[in-house]
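Report on the structure given below.
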Amino acid sequence: MSDSASAERRSQIVADVDFGRDGKQAGNLSMPWSSHESAYGQIQIPIVVVKNGDGPTMLYTAGTHGDEYEGQVALMRLARELEPANVCGRVVIVPALNYPAAEAGRRTSPIDQGNLNRAYPGDPDGGPTAQIAWYMSTVLLKLATGYHDLHSGGSSLEYLEYAGLMLCGDKDLDRRGLDLLQAFAPPIGVVRKARDGRAAQPAAHRLGVAALGGEFGGRGGLSRHGLGIIEAGLRNQLKHLGILPGWNPPKPAAPTRLMTWTGREGFVYAPAPGVFEPLADLGEEVEAGQPAGLLHFIDEPTRAPLELRFAVPGMVICRRAPARCRRGDCLAHLAVPWNG
């Protein structure tokens, strides 16, 4: 779609903050949404802008999936603690980007069942999820020098904490993204090719914005370890961009270990419904043929469980959180060293 055509399709979302004004502002992105319960209602997405003079802009979002909490809490804390006097440039913070999903504590929106990280570039005339993606694509990302969308495994998965970069093939943009990842200084960094253009990182890349994601916990809970990684990492990035010059980054315990996801062969899927008993821990190095777990069949108590095995070697970076699973559910997947 051409820029002129995009401009004609304006977002229905209205911000009550002034992105160009110095100071600290807390307000809302308001989207009109008429429902049976509220004929002239609005969906209001909280936003905080901290600005002091000219300079780069860092955009932070969490709550793209509403049941992922580490990023939401870290961004709320950053919004409370960050003061304009300490900033050179601008920080835009949206702790619950898919607000209907965050309010419901669900991965997807309870209004339209939309998965925001599969909705870009969005649609200004679509449902709430598509409208949020469109506002991101046409307003917020266009303000940004850098962008970090914070995730975790949500209710269905548990991840070994990492910050992630999707490569787009533009050497300069990939280098800036890798610099932003290294500045974040996570214990693990996952670098992989973008597989789905409907996600937030590719949407940022299309606008020339260096962007990161990552997974910082899961199980529908809140990992203190993941939260700590995010809280330090945000400030490290702001220091790297010159936005937070007074921050003294803590020395990391070890250099970031760069990994990449395996292909589909490194994923273990449930071939039938059952109860999954994992036999490998997060962070464990496994060999090809090693048991990943046992699938038990509650409707056939005398039936022996089905042993599921890893097809390739690697490190367990993700595991299913609920034991009960359905056919086709992801039970685990692997990462391997990234060699650039």
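Does region 101-112 contain any residue that is over 24 Å from Gly41 (Cα atoms), modelled with pLDDT of 95 or more and over 12 Å from the mean Cα position of the chain (by Cα)? No, region 101-112 contains no residue that is over 24 Å from Gly41 (Cα atoms), modelled with pLDDT of 95 or more and over 12 Å from the mean Cα position of the chain (by Cα).
If the condition is being β-branched (Val, Ile, Thr), free of Cβ contacts under 8 Å to residues at least 40 places away in the same chain and surrounded by 15 or more Cβ atoms within 10 Å (Cβ to Cβ), then region 298-331 contributes no residue at all. Within region 286-297, the set of residues being in a loop (DSSP other than H, G, I, E, B), farther than 15 Å from Pro271 by Cα and touching a residue at least 24 places away in the same chain (Cβ under 8 Å) comprises Glu287, Ala288. Please indicate, with yes or no, whether at least one residue in region 148-159 is surrounded by fewer than 19 Cβ atoms within 10 Å (Cβ to Cβ), in a strand (DSSP E or B) and in contact with a strand residue (DSSP E or B) (Cβ under 9 Å, 6 or more places away or on another chain). No; the residues of region 148-159 include none that is surrounded by fewer than 19 Cβ atoms within 10 Å (Cβ to Cβ), in a strand (DSSP E or B) and in contact with a strand residue (DSSP E or B) (Cβ under 9 Å, 6 or more places away or on another chain).
Candidates in region 1-60 are the residues that are modelled with pLDDT under 95 and touching a Gly at 6+ places or on another chain (Cβ under 7 Å); of these, the one that is surrounded by the most Cβ atoms within 10 Å (Cβ to Cβ) is Trp33.
Among the residues examined, Glu158 does not qualify as charged (D, E, K, R) and touching a helix residue (DSSP H, G or I) at 6+ places or on another chain (Cβ under 9 Å).
Per the conditions (1) on the phi < 0 side of the Ramachandran plot; (2) touching a Gly at 6+ places or on another chain (Cβ under 9 Å), the sole criterion not satisfied by Ala79 is (2).
Can you tell me how many residues within region 115-145 are outside any loop (DSSP other than H, G, I, E, B) and free of Cβ contacts under 8 Å to residues at least 24 places away in the same chain?
So the count comes out to 1.
The values are calculated or read from the model by the stated rules, or taken from the named source; none is laboratory data. Small disclaimer: the values here were computed from a predicted structure and weren't measured. Cβ sites come from the backbone with ideal geometry, for glycine too, and all protein chains shown count toward neighbours.
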